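**Q** Pasting a structure below so you can have a look.
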Amino acid sequence: MIFTVLIPLLLACFVPFISKFKHKIHTGTVIFFIPLAIFFYFIQFIGSGFEPIRHTYSWIPSLGINFDFYLDGLSLLFVLLISGIGALVVLYSVYYLDRSEPLGHFYVYLLMFMSAMLGVVLSDNVFVLYTFWELTSISSFLLIGYWHFKEKSRYGALKSMIITIFGGLSMFGGFALLSVISGTTSIQTMIANADVILDNPYMPLALGFILLGAFTKSAQFPFHIWLPDAMEAPTPVSAYLHSATMVKAGLYLVARFSMIFGSYEWFFIIVSIAGIVTLCWASYMAVHQTDLKAILAFSTISQLGMIMAMLGFGTKAAVFAAVFHILNHATFKGSLFMVAGTVDHETGTRDIRKLGGLLTFMPITATLALFGTFSMAGIPLPFLNGFYSKELFFESTLDLEGGASGIAGFLIDVIPYLAVFGSIFTFVYALYFLFGTFGGKTQLDKLVKKPHEAPIGMLVSPGILVLGVILIGLFPSAVNGTFIAHAAEAVYGEPITKDVHFWHGWDSPAFQMSLVVVGLGALLVTTRRKWNGIYQVFPGKLSVNKVYDTIMGKLNAYSRTITTFYMSGSLRNYMAIILSTILVVTVGFMLATDGFTIDFGNLAPITFIELTVVLIIIASAIGTIFAKKNLAVILIVGVAGYGVSLLFLIYRAPDLALTQLVVETVSVALFLLCFYHLPDLKRLHAPLSTRTTNLIISVGFGALMTLVGISAHSSSWFETISDYFIETSKPIGGGSNIVNVILVDMRGLDTLFEITVLGIAALAIYTLIKFKTDKGGK
Amino acid sequence: MSNLAVLPIIIPLIAGIILAFFPKKLALVRTLTKVFIIGNLAVAGFSAWHVFNHGSIILETGDWAAPYGIIIVADQLSVLLVLTTNIMAAACAFYAPYSLPDRKERYYFYTFFFFLITGVSGAFLTGDIFNLFVFFEVLLMASYALIVLGGDKVQLRESVKYVFINLFSSMLFVTAVGFLYGTVGTVNMAQIAQRVQEVDQQGILTAIGILLFFVFAVKAALFPLYYWMPKSYAVPNPVISALFGALLTKVGIYSIIRVFSLIFIHRIDLTHEVFIWIAGLSMIFGVIGALSTNNIKLIIAYNIIPAIGFILWGIGVFNQEAVSGAIYYLIHDMIIKASLFLLVGTIAYAAGTSDLRKFSGLIHYYPFLGWLLFVSGFVLAGIPPFSGFIGKLLLLKGSLADEKVAVVIIALLSSLLILYSIMKIFIRGFWGEKDDTFEPKPVKGRTAPVVALLALSVFLGIGAEFIYPSVESISRYLLDPANYINAVLEG
């Protein structure tokens, strides 16, 4: 099975080579056989005797990340959709994409997506699933940006990436949490241990993380906004990724995990609300669109919402209907996208305001559209699969049973009404799409090209899909008996058998709801122009898109404001922040750990001369602050330095004192030389508040260091290693000057590298000076 | 065999000295540089192999027994980092001739380069805290030399801040080591660890530990101490930025890992808890910085900060998985940051500017550069199956197992924004219409090292099974300080 998943990805490597010959043979013609072969490989599994199959291949076993492929009914439904629609879309693209386009890129991305999507639905390992999940987002990003010279493509690509990868990362967090809770990375094992997960206090968080991933991918309100902008992709991509397959990955995820979370009441509440709100909102908004593909995009969103809602209901009837509708939606929506692409291809526009009356020019396309839209609208005709699933949807909204909490109870009461509301608008936009394009008067003057029927090749793929619509409509039990039943079983946990009939009698509540939909829908279609103004009132200026744009805009603007605020470029500010951070945190730690220890017991008596020297050092250190001239500062610093060497002398370290003396003398001399060339010190004209803060910080920091020093001195718990040096200096080191032995022998490595430091410094200074003066070379 | 431990320090030192004798003979210098760095890489590889198979190598320099003399400790963590250092140093050595003007190369670039490697390797290998200070000085002095090489005005302006803040932290370092010596009477890290444990890290010791943490945090560019970093890293030549970005901050975070897994581990309820907060803030502010600019070099430089945050996060959580994650992320970040600095340097060279507002549609001329950047973005953001993902997964699981949820959310969000900050370059700089007046420059020599590093990075993700067991063994080793202490004091 790993082979079928990875084969598109592997073959993608050869596409750049194949595409070199695109003028002889359209690259798509070759590619077409890949999904077709996969389709025929998987079709063998359909049948009543189907049992889930598992294949495992090691990848990173130490982290529990393996290619655990698990093919059950749900996966089978998806792999057939992915490969089947994939083949049709590739076939369609052969006629849709001109050979002058960069075909190589297109098919590389498409094959990448195919592998990724197959991987998502076949992986039992959560982290492998996540890997493929992100790969679908990446390939979708590249496909939306296929015509990247268009500003809108770039915008749409970025938007889809930000939103779906945001969801993906969240889902990843959820997966990590689940794997920590359950101790496994396999979804099936998690399902088997669902009670462990449900009992864990972090379960709601994991659920929230995962749902965020599902909702963003499946374009649920308010994350749906990326999907309309994704329509910038070439139409075959919209038909494939953004309608039939990728956007259903979120549904797949919810379906997969409903075996774990299904019994948790908030799962029902959140998923149902998200689904039903999306259904209503998007179907309402679809009527307001003028671009054919935008209508279809909103339609897709709303249909996804409907399926999501059914997955949320989680009842037998609902799960069955959801799975059934995944298939049905793929057939009619896929064909409608192709119809929209054909219309665009043959007329040069997708603006419904410019279209109309195309029936006479494009009769076959119009017929295909008729079946597609009628099925989508759920018109009660016995050869439309959309009607069956719509009917099942209504049924499932009616048999919800009471939840414990008030919210769930309230939801159960209102869901049927919302379902009808959403379906009415579904009916309206479906007919609006059909009649707006093919009915009414022609406006040839507004079209770029003179319309004519599409070449036969472009009609084959949508034709096959429409055939699917009709066949499923006529013989629903052909798919429902085994295929859909197995898929539903994988979601629900028990076998679901359901007979789907066209006729339930006049008293069937679901049928009455359908009649309401058709009746009110027809009324609204005919009067559309009269009530169209309602969109100015609601949503009016409200728009989730605006929220996204604002966030992205502010993200850039605020990050700039924040960063320029603290990255002021002033060394003094930087030091103030660094010092005060160290001060506050260290004092905090000293208080928390009882760090102050002050013990004067272990001190030698202070002599008069020591006191004098120290006072001189202190006085000169303070003096530097008040000195007004460079020269004065250098000399005063020198005094402090000489004071220190005096201290060394008092403590009987004449060699150190001598060294310090030399260092001080040389550095004072050097400073004098350098500062001679520098401008004089300027008085700092900072406001008093800044100066006070700086004073507090510097005094505080000095006090801190003193306190830590005293405390460290008062906490000498151990013998120091210096005793060893004193003992061994002569016998092992062979020298009676301990300092010398330490420097050149015991810690000779330190000395070696300190000398290196000096060497580097010397070379660096030489370079700095010489580089400026050396005019040779380039 | 124990001399093997010190070779990765001594070889670059000698190489640097030799190259200083004939800086004007560029052809020879370049060839020798490659020979030396590959030789050193081989040695580092061999010592890594040796350590992972036969245990740590302890060298008592000058034959002065531990804890009295300076001890070089080549343990699993050190050798892995030394190996990674040399890999990316080799990439830089191959990139440098294309990117640096000949004149800068003649002015001892390669000498400073080798001294920098000396200092970095020394810092990774030493087992003596004062000696660590000395190696810090070596690498800092070499970095000062590199950062001012050429002496442009903007370079000097940024370097003053860099030098000043690092001088301050060096001063604080030596003071803190003095305090530490005052309390525990030793500078041998194993013995410090032992003695701190004996007195249960009481009284002033935690505060001294925190001072050391701040010293390292300044070098590691953690929140809120990183002000000096972004601009001073973005200004020099790409090859120097790559060395700095991949190495210098990592020495800081390495020191934090070492000191806070070996020595100060008895109040983790306080210290390591604070680390998690600092890690989270570093992620947030680093990413905000990366989004704030249109300078592509600066975008990469800012991205160092959240990466360091990720690593510190692992130390903060301090369990097996989190520490493994931190180490995996550290290795990953050294490679990908070097690769990105070199790549962005190449892009800026190709586009003629590093201002993102001034170029677009580069993909028509440099498709390969574009796709390299594209993949790098996903590697950096930790999208599977690339290397960042493995580290992040471990960090996430370790953190969640300890019920530290807030930082997980911050980390995931900042991953998204890291990706956005790189994709911004791809979308705005590479996508777009073709500019027919544009004259492309050759970039082949510059892309080869980038490809090599990126390939390694991809391998670290896809081939994690080959790497992860070693990382896991390191984290198990680190979590039980007795391993280190016994190896040094009783070995």
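What follows draws every value from the coordinates through simple rules; no lab data is involved. Fair warning: this is a prediction, and the values are worked out from it, not measured in the lab. Using ideal geometry, Cβ is built from the backbone for each residue, glycine included, and neighbour counts are taken over all protein chains shown.
**Q** So, R0 is 41 Å and r is the distance between the beta-carbons of A:S568 and A:F675; what FRET efficiency does that work out to, to 0.05?
**A** After rounding to 0.05, the efficiency reads 0.95.
**Q** Assign unit charges at the C-beta atoms only (+1 for Lys and Arg, -1 for Asp and Glu), then state the dipole size of chain B relative to its Cα centre in Debye, rounded to the nearest 20.
**A** Charge dipole, chain B, about its Cα centre: 1700 debye, nearest 20.
**Q** Round to the nearest 10 and give me the degree value, 0 to 90, for the angle of helix A:748-773's Cα axis relative to the longest principal axis of chain A.
**A** Result, in degrees: 80.
**Q** If you line up the long axis of helix B:110-125 against the longest principal axis of chain B, both from Cα atoms, how many degrees apart are they, to the nearest 10?
**A** Value to nearest ten degrees: 40.
**Q** Please report, for the Cα atoms of region B:2-489, the Rg to one decimal and the Dmax as a whole number; what are they, in angstrom?
**A** Cα-based Rg and Dmax for region B:2-489 come out at 21.4, 73 Å.
**Q** Going by how many other Cβ atoms sit within 10 Å of their own, how do B:D480, A:D745 line up, fewest first?
**A** Fewest-to-most Cβ neighbours within 10 Å comes out as B:D480, A:D745.
**Q** Distance between the C-alpha centers of region A:556-604 and region B:337-407? Whole Å please.
**A** 32 Å
**Q** Which order do the peptides A:134-141, A:358-365, B:389-396 come out in when sorted by mean C-beta neighbours inside 10 angstrom, highest first?
**A** For the peptides A:134-141, A:358-365, B:389-396, the packing ranking is B:389-396, A:134-141, A:358-365.
**Q** Can you give the log10 of the normalised intensity I(q)/I(0) at q = 0.15, 0.20 Å⁻¹, computed with Debye over equal Cα scatterers of region B:151-266?
**A** Debye curve over Cα of region B:151-266, log10 I(q)/I(0) at q = 0.15, 0.20 Å⁻¹: -0.69, -1.02.
**Q** Follow-up. Within 10 Å, count the other beta carbons around each residue, average over each peptide in A:282-295, A:199-212, B:109-122, and list them highest first.
**A** Per-residue Cβ counts within 10 Å, averaged per peptide and sorted highest first, yield B:109-122, A:282-295, A:199-212.
**Q** So, one more: Can you list the HN-Hα couplings for region B:5-12, worked out from phi with the Karplus curve (6.51, -1.76, 1.60; θ = phi - 60°), rounded to whole Hz and with x for Gly and Pro?
**A** Computed from phi, the couplings for region B:5-12 are 4, 8, 4, x, 8, 6, 4, x Hz.
**Q** Report, as an integer, the average count of C-beta atoms from other chains found within 10 Å of each Cβ along B:395-404.
**A** Across B:395-404, the average partner-chain Cβ count within 10 Å equals 4.
**Q** Let me ask something else. Evaluate the relative contact order of region A:299-358 (contact order divided by residue number), counting alpha-carbon pairs under 8 angstrom at least 6 apart; express in whole percent.
**A** The value is 21 percent.
**Q** Ok, one more. Between region A:333-394 and region A:721-778, what is the C-alpha centre distance in whole Å?
**A** 84 Å
**Q** Additional query: Quick one: P(r) of region A:2-526 from all Cα-Cα pairs, 10 Å bins, percents rounded to integers, in order of increasing distance.
**A** 4, 20, 32, 27, 13, 3, 0
**Q** Moving on. Quick one: what are the phi-derived ³J(HN,Hα) couplings along region B:297-307, Karplus 6.51/-1.76/1.60 with θ = phi - 60°, whole Hz, x for glycine and proline?
**A** 5, 5, 4, 5, 4, 5, 5, 5, 5, x, 5
**Q** Continuing with this model, one more query. Long-range amide H contacts for A:D291: which residues qualify at under 5 Å (H placed 1.01 Å from N, peptide plane, sequence gap of 5 or more or a different chain)?
**A** Counting only residues 5 or more places away or on other chains, the set is A:I352.
**Q** Here is a follow-up. In the protein assembly as shown, with Lys and Arg counted as +1 and Asp and Glu as -1 at Cβ, which of these residues, A:T290, B:N86, A:W59, has the Cα nearest the positive end of the dipole, that is, farthest along it?
**A** A:T290
**Q** 7 Å from Cα along Cα→Cβ at both A:F149 and B:F21: what's the point-to-point distance in nm?
**A** 6.0 nm
**Q** Quote to one decimal, in nm, the extra length available between A:I534 and A:L370 on full extension: 0.36 nm per residue of separation minus the C-alpha distance between them.
**A** Full-extension gain reported as 56.3 nm.
**Q** Give a residue-ordered list of calculated ³J(HN,Hα) values for region B:313-323 (Karplus: 6.51 cos²θ - 1.76 cosθ + 1.60, θ = phi - 60°; whole Hz; x for Gly, Pro).
**A** 3, x, 5, x, 5, 6, 10, 3, 5, 5, 5
**Q** Return the long-range amide H neighbours of A:Y57 (sequence gap of 5 or more, or a different chain), with a cut-off of under 5 Å between placed amide H atoms.
**A** Those qualifying (amide H under 5 Å, at least 5 residues apart or on another chain) are A:F67, A:D68, A:F69.
**Q** Along Cα→Cβ, 7 Å out, is where each label goes; now give me the distance between the ones at A:D499 and B:D269 in nm to one decimal.
**A** Those two pseudo-labels are separated by 6.9 nm.
**Q** Further question on the same structure: Starting from the Kirkwood radius over alpha-carbon pairs of region A:213-308, derive D by Stokes-Einstein at 25 °C in a medium of 0.890 mPa s and give it in µm² s⁻¹.
**A** 185 µm²/s
**Q** What spacing in nm lies between the two simple spin-label points modelled at A:F21 and B:V405, each 7 Å away from Cα in the Cβ direction?
**A** Those two pseudo-labels are separated by 5.8 nm.
**Q** Could you work out the mean count of beta carbons from other protein chains within 10 Å of each residue's beta carbon in B:101-107?
**A** That works out to 4 on average.
**Q** Something else about it: Using the alpha-carbon centroid of each, what span in Å lies between region A:106-129 and region B:99-140?
**A** Between the Cα centres of region A:106-129 and region B:99-140 lies a distance of 46 Å.
**Q** Before rounding to the nearest 500, sum -39500 (n - 2.57) across all DSSP H runs of length at least 4 in the protein assembly as shown and divide by the residue total; then give [θ] at 222 nm in deg cm²/dmol.
**A** When only DSSP H runs of four or more count, the value is -23500 deg cm²/dmol.
**Q** Cα atoms only, region A:164-262: Rg and Dmax in Å?
**A** Values for region A:164-262 (Cα only, Rg and Dmax): 14.9, 47 Å.
**Q** Can you give the alpha-carbon Rg of region B:81-205 over 2.2 N^0.38 Å, where N counts its residues?
**A** Normalised Rg, Cα atoms only: 1.32.
**Q** How big is D for region A:572-717, in µm² s⁻¹ as a whole number, if Stokes-Einstein is applied with the Kirkwood radius of its Cα pairs at 10 °C and 1.306 mPa s?
**A** Estimated via Stokes-Einstein, D reaches 87 µm²/s.
**Q** Mind pulling up the Rg/Rh value for the protein assembly as shown? Radius of gyration and Kirkwood radius, both on Cα.
**A** 1.04
**Q** Using 1/(1 + (r/R0)^6) with R0 = 51 angstrom and r between the beta carbons of A:E610 and A:T773, what's the FRET efficiency to the nearest 0.05?
**A** It comes to 0.55.
**Q** Stretch A:R353-A:D594 to full length: gain in nm at 0.36 nm per residue minus the Cα-Cα span?
**A** 79.0 nm
**Q** OK, next. Which of the peptides B:375-381, A:698-704 is most tightly packed, and how do the rest follow, going by the mean number of other Cβ atoms within 10 Å of each residue?
**A** Going by the mean number of other Cβ atoms within 10 Å, highest first, we get B:375-381, A:698-704.
**Q** Now a separate question. So if R0 is 56 Å, what FRET efficiency would A:L515 and B:D436 give, r being the distance between their Cβ atoms, rounded to the nearest 0.05?
**A** Once rounded, the FRET efficiency stands at 0.35.
**Q** Can you give the Rg and Dmax of region A:720-778 based on its C-alpha atoms, in angstrom?
**A** 19.3, 59
**Q** Across peptide B:135-141, what mean number of C-beta atoms from other chains lies inside 10 Å of a residue's C-beta?
**A** 5
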